[in-house]
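Student: Starting off with a structure, shown below.
Every number in this text was worked out from the coordinates using simple rules, so none of it is lab data. Source: prediction; values computed, not measured. Virtual Cβ from ideal backbone geometry, glycine too; neighbours counted across all protein chains shown.
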Amino acid sequence: MNVIVNGENVSVRAKTLADLLQEMEYEGEWLATAVNEELVHREERGTLKLKPNDRIEILSPRQGG
Amino acid sequence: MAFCLYGTTVRSRLLLGTARYPSPLDLSAAVRQSGTEIVTVSLRRETAGGRTGGGFIEMIRDLGVHVLPNTAGCHAVSEAVLTAKMARDLFRTNWIKLELIGHQDTLQPDVFQLVEAARILSDEGFEVFPYTTDDLVVGERLLQAGCKVLMPWCAPIGSAMGPQNIPALRSMRAEFPDIPLIVDAGMGRPSHATTVMELGYDAVLLNTAVSGAGDPASMARAFALAIEAGKLGYDAGLLEPRDMAVPSTPVIGKGVFA
């Protein structure tokens, strides 16, 4: 299935957001996720079913002013 | 001389940004030298599987300071609100430095969207630190929206110009005597920070003036001292300027030799 991760088109086998993070080798506690402009809490990632063309944002802490 | 931000008591009146340092070591040295207890951070797209952001924030945690996430770069209410929610999910804090940029060249806040976003976020339990202008009416609207802190600019972000409208900053202080006021953005020199603290401001938030200095750690220390000096001076009671000289040495009792 094709989805959009951080603005890039990618083809994944993952069925849930948690699967996608694993498939794309995202790891660690410091990730925040949103799907189609809605926050997905970390504890909801395992149950959030992905659909084709979902827009997924994966953010992490960075330097800021 | 501690003060309170949304129920959290802090002693340092310097809030420090974490961006644009020459190296992570320079950043941690500047944080330590500044004595700051609050640093600002952002959220950006992760491209290295979680390792980039993880490494950075672990370093910040080791410094033992409060984290104030920002919504830097957001241009729309929906974008800022979602970023704030993602920041809360990540950092486990209700604090959010709310930035809604309204102009690409000056990076001045879009105060109309700022008030709207502040209301939405306050209603959802966020404790909003709004980056705003020095406009009194906007300040009032932000308070009505639920903000309990105001952060007016003194000049455009990163400009290093220092206070451009001192009467406006003075008016804000007079209008909101019981609200923590933090000057955010536009500082260039330690004396700029002293100037706003002498106006009775509660704190200063700065980044580029420190991170862009030749020696960021020393500049962080310089700003900390300048802020403390301004605060002490304000609390001690400043003399008002006058047009004519007033002799400091008593005139009475002077010898008469003529």
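Student: What distance in nm lies between label points placed 7 Å from Cα along the C-beta direction at B:Arg61 and A:Glu44?
Tutor: 2.4 nm
Student: What are the residues whose amide H is under 5 Å from the amide H of A:Val5, where those residues sit 5 or more places off or on another chain and H is modelled from the backbone?
Tutor: A:Val10, A:Ile56
Student: Roughly speaking, what is the stretch gain from B:Gln104 to B:Glu198, that is 0.36 nm per residue apart minus the C-alpha to C-alpha distance, in nm to one decimal?
Tutor: 30.7 nm
Student: Something else now. With an 8 Å Cα cut-off and a minimum separation of 6 or more residues, compute the relative contact order for the range B:133-213 in percent.
Tutor: Relative contact order comes out at 31 percent.
Student: Also, quick follow-up: Given B:Met151, B:Leu100, B:Gly186, which one lies farthest toward the positive end of the charge dipole of the protein assembly as shown, if we put +1 on the Cβ of every Lys and Arg and -1 on the Cβ of every Asp and Glu?
Tutor: Final value for the positive-end residue is B:Gly186.
Student: Something else now. Within straight cross-link reach of B:Lys85, meaning Cα distance under 16 Å, which lysines are found once same-chain residues fewer than 8 apart are removed?
Tutor: B:Lys97
Student: Along the Cα-to-C-beta direction of B:Ser191, a point sits 7 Å from the Cα; which residues of the range B:199-233 have their amide N less than 15 Å from that point?
Tutor: B:223, B:226-227, B:230
Student: What's the extension gain from B:Ile179 to B:Ala76 if we count 0.36 nm per residue and subtract their Cα-Cα distance?
Tutor: 34.4 nm
Student: Quick one: check the C-alpha center-to-center distance for the range B:180-258 versus the range B:83-147, whole angstrom.
Tutor: Each part reduced to its Cα centre gives a spacing of 29 Å.
Student: So what is the calculated 222 nm ellipticity per residue for chain B, using -39500 (n - 2.57) for each DSSP H run with n of 4 or more, over all residues, to the nearest 500 deg cm²/dmol?
Tutor: -12500 deg cm²/dmol
Student: How far, in degrees from 0 to 90, does helix B:24-34 lean away from the longest principal axis of the Cα atoms of chain B, to the nearest 10?
Tutor: 40 degrees
Student: Also, I was wondering about something else. So who's got an amide H within less than 5 Å of the one on B:Lys97, skipping anything under 5 residues away but keeping other chains? H placed 1.01 Å off N, in plane.
Tutor: B:Asn70, B:Thr71, B:Phe129
Student: Would you mind pulling out the separation of the Cα centroids of the range B:1-71 and chain A, in Å?
Tutor: Taking the Cα centre of chain A as reference, the centre of the range B:1-71 is 25 Å away.
Student: On to the next question. In what sequence do B:Ser191, A:Ser60, B:Ser28 fall when counting other Cβ within 10 Å, fewest first?
Tutor: B:Ser191, B:Ser28, A:Ser60
Student: To test your reading of the geometry: what angle, between 0 and 90 degrees and rounded to tens, separates the Cα axis of helix B:216-236 from the longest principal axis of chain B?
Tutor: 50 degrees
Student: Continuing with this model, one more query. Measure of size requested: the Rg and Dmax of the protein assembly as shown, with Cα atoms as the atom set and Å as the unit; please supply both.
Tutor: 23.0, 104
Student: Along Cα→Cβ, 7 Å out, is where each label goes; now give me the distance between the ones at B:Asp135 and B:Ala236 in nm to one decimal.
Tutor: 3.8 nm
Student: Still on this structure: Exposed loop chymotrypsin sites (Phe, Trp or Tyr not before Pro) only (DSSP loop, at most 16 other Cβ atoms within 10 Å): please give the longest stretch of chain B free of them, not including the sites.
Tutor: B:7-256
Student: Amide H of A:Arg62 versus every other amide H placed in the peptide plane: which residues, excluding those fewer than 5 positions away on the same chain, fall under 5 Å?
Tutor: Sorted by chain and number, the residues that satisfy this are B:Ser42, B:Leu43, B:Arg44.
Student: I need the phi-derived Karplus couplings for the range B:129-134: 6.51 cos²θ - 1.76 cosθ + 1.60, θ = phi - 60°, integer Hz, Gly and Pro marked x.
Tutor: 10, x, 7, 10, 8, 8
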